[in-house]
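Here the structure comes first, spelled out in structure tokens, and everything after it is commentary.
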Amino acid sequence: MGLRVKLYEEAMRLREEGLSYRRIVEEIWRRFRIRLSKSHVSYWLRGIHTPYNGRRIPSLKLLKPSEELAYVIGVVLGDGYAYRKRRVIKGYNHVWIGLDAKDREFVEEFARCLAKVLDSRQIRPRYRDDVGKYVVEVKSKTLYEHLRKPVNLDRLKPYVEQCERCMTTFIRGYTDSEGSVDKHGYISITNSDLNLLTYIRDLLQRFNIESTTPRVGTRRGSIFHDPRTGKRYVTKNDCYHISI
């Protein structure tokens with residue numbers, strides 16, 4: 001992939017200098033002894049294809065810590081998702097980072113942070129009538145490799161703990177996803193991953209926010225009813241919660 005990126009960046013540079021497609025093909029042949037077709041160069045320059053194959057960020061090494069990235073991590077570890085389609089076609093990118101929720105402001109904030117992390121144009125959520133939710137999705141292999149489950153907390157911690165603001169936005173992203181407030185003013189945070197919930201609690205303690213130890217809220221095998229779909233589901237794992 002490294003050579004393809006060099007060819008791509010050289011083609012973009014030569015185009016900025018005003019060279020035609022034919023001249024770009026000739027210059028790349030002269031420098032790299034690789035013959036590109038004019039159609040190939042055209043696809044690159046018009047943004048139809050890139051050698052990053054949907055990565056936008058070429059590698060994890062180039063993923064920079066930021067408040068926006070910390071928020072995205074928090075959301076994806078909660079209600080968000082990172083998944084790869086089962087049936088893939090060679091040459092296409094089939095990995096997605098996304099979120100669907102009824103809270104429009106929540107989805108818009110996630111979209112804003114995603115755009116900042118990917119150095120992309122504004123990402124606009126869309127409303128899906130079939131699920132009654134706002135949805136935002138982007139393709140990014142690098143973020144998928146970073147956030148796919150099972151979660152590797154040790155790999156994520158340097159991005160979360162880069163600064164105090166990163167830690168607080170990570171907590172905010174996660175509680176926007178998995179937090180709730182009852183009528184007595186107690187904030188409850190839930191997850192089936194005990195290690196992750198314990199980590200959230202440790203971060204809260206750094207800011208002198210006391211919370212309960214994780215406790216089982218819903219046992220594995222419990223049956224619950226989804227009022228929206230009318231279907232019954234069986235929980236696959238114990239679900240834990242902490243309260244503030």
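All of the numbers you see were taken from the coordinates with simple rules; none came from a lab. Being a predicted model, the structure only gives us computed values, none of them experimental. Glycine gets a Cβ as well: all are built from the backbone with ideal geometry, and neighbour counts include every protein chain shown.
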| query | What pairs from Lys116/Lys139; Lys133/Lys236; Lys85/Lys116; Lys102/Lys149; Lys85/Lys141; Lys133/Lys183 go past 20 Å between their alpha carbons? | reply | Lys133/Lys236; Lys85/Lys116; Lys102/Lys149; Lys133/Lys183
| task | Enumerate the aspartates and glutamates that Lys38 could reach by cross-link, defined here as Cα to Cα under 15 Å, with residues fewer than 8 away along the same chain left out. | result | Glu10, Glu26, Glu27
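What does the charge add up to near Ser180, with Lys and Arg as +1, Asp and Glu as -1, over the other residues with Cβ less than 13 Å from its Cβ? Display every interim value, and only then the final one.
Numbers: positive: Lys183; negative: Asp79, Asp103, Asp176, Glu178, Asp182.
Here the charged neighbours net out to -4.
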| query | Of the peptides 98-110, 176-188, 20-32, 121-133, how do they stack up when ordered by the mean number of other Cβ atoms within 10 Å, highest first? | reply | 98-110, 20-32, 176-188, 121-133
| request: Excluding residues on the same chain fewer than 8 positions from Lys64, give the aspartates and glutamates whose Cα lies under 17 Å from its Cα. | output: Asp119, Glu145, Asp154, Glu161, Glu164
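Which of rounded, prolate or oblate describes region 113-217 when judged by the alpha-carbon gyration tensor and an a/c cut-off of 1.5? Intermediate results must be reported in sequence, preceding the final value.
Numbers: a/c = 1.84, a/b = 1.31, b/c = 1.40.
It is oblate, given that a/c is not under 1.5 and a/b is not larger than b/c.
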| request: Would you mind counting up the charge near Leu153? Only other residues with Cβ under 12 Å from its Cβ, with Lys and Arg at +1 and Asp and Glu at -1. | output: -1
